[in-house]
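Take a look at the structure set out below.
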């Protein structure tokens, strides 16, 4: 908490009192001779910024982190109307909308994204200078926006949430589906902090790091005929398949988002193998479902089979009466990765979250 009179030309006593600032704490005007000399060597924009209440940048930072006025007000311990008023003042001072209300929350403009890291770094340095203490990232309130598939939500994120519940109770996660064509654009526009999934090609400016390597298994109900005897392709093809239908396929094994990013989808490897072998599977894909979570009921109630990511299948077998079989062909392996915009490389909070994610997987 900032507890020193650092407000420059403030007229908002509510914020001054809340942050321990004196409402009348203004810098004295420079003598005319010094002011003229300053005007000769400093740009007009810099002179203009000297008149902005520093507390407005705290509001800017809170909205950037949480993307809603309500959560920003809670983080700052002020009313939502006070945050809205402060944002209006900052918009007038900067000459930009900064945040646009959308269905996804307050989305930053290009100008806001350009300012974000510098504002965050400046506030952290100021707080360190005044308090002499490094901020503890795990204790800082923040909302992270993560794009994730249903596989990620079922297999990866629960362990992260469990970890954060103990170590960082002030951190919130807002997870949205990454089964969309503009997932990379969400990173570039600041609408997502992190995207987790399987990807092929990526455009410049997007960083990637592998979290784990996933392979596949065949899932069937307990007592299924395939659980008795040797598994072969010929036996497997005798039974109808339940498959996950991806949003939009391209000619290979994924789809592009029109922005240069190849998005990988989980391949039904058995079907691919059969197709290459010219085995007629017409009518064998009996059911197509939108996500992996919908598969278990179909498997339990019939003799259908499904090809699933191994970790997800293990999770499903713990919660449903399913048996897992190794496929009768070389299993395909898929990298599960996290993506982020290179412009956020200096975001210490995001780097901390990624480390927590890695630790939650390896723990």
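The values are calculated or read from the model by the stated rules, or taken from the named source; none is laboratory data. Owing to the predicted nature of the structure, the values given are computational and were not obtained by experimental measurement. Cβ: placed from backbone, ideal geometry, glycine included. Neighbour counts: every protein chain shown.
Of note:
- Residue match in segment 204-227 (condition: at pLDDT below 90 and not in a strand (DSSP E or B)): yes
- Helices (runs of 4 or more DSSP H) completely within segment 52-123 that count 3 or more residues being in contact with a strand residue (DSSP E or B) (Cβ under 6 Å, 6 or more places away or on another chain): 54-66
- Residue 31 meets each of the listed conditions (1) modelled with pLDDT of 50 or more; (2) under 30 Å from residue 193 (Cβ atoms); (3) more than 28 Å from the chain's Cα centre (by Cα) apart from (2).
- The requirement of being at pLDDT below 95, surrounded by 19 or more Cβ atoms within 10 Å (Cβ to Cβ) and touching a strand residue (DSSP E or B) at 6+ places or on another chain (Cβ under 8 Å) is satisfied by residue 187.
- Annotation: of all residues in segment 190-203 being touching a helix residue (DSSP H, G or I) at 6+ places or on another chain (Cβ under 6 Å) and part of a loop (DSSP other than H, G, I, E, B), the one that is modelled with the lowest pLDDT is 190.
- Checking residue 109 against (1) free of Cβ contacts under 8 Å to residues at least 24 places away in the same chain; (2) surrounded by 16 or more Cβ atoms within 10 Å (Cβ to Cβ); (3) in contact with a helix residue (DSSP H, G or I) (Cβ under 9 Å, 6 or more places away or on another chain); (4) under 30 Å from residue 199 (Cα atoms), the condition it does not meet: (3)
- Residue in segment 258-275 that is within 16 Å of residue 237 (Cβ to Cβ), in a loop (DSSP other than H, G, I, E, B) and modelled with pLDDT under 90 present: yes
- Residue tally, condition modelled with pLDDT under 80 and assigned to a helix (DSSP H, G or I), over segment 127-150: 8
- Each residue in segment 151-181 was checked for being outside any helix (DSSP H, G or I) and either without any contact (Cβ under 8 Å) to a residue 40 or more places away in the chain or buried (at least 16 other Cβ atoms within 10 Å of the Cβ) (or both), and 12 of them qualify.
- Residue check, residue 293 at pLDDT below 50, more than 19 Å from residue 237 (Cα to Cα) and either in contact with a helix residue (DSSP H, G or I) (Cβ under 9 Å, 6 or more places away or on another chain) or exposed (fewer than 15 other Cβ atoms within 10 Å of the Cβ) (or both): no
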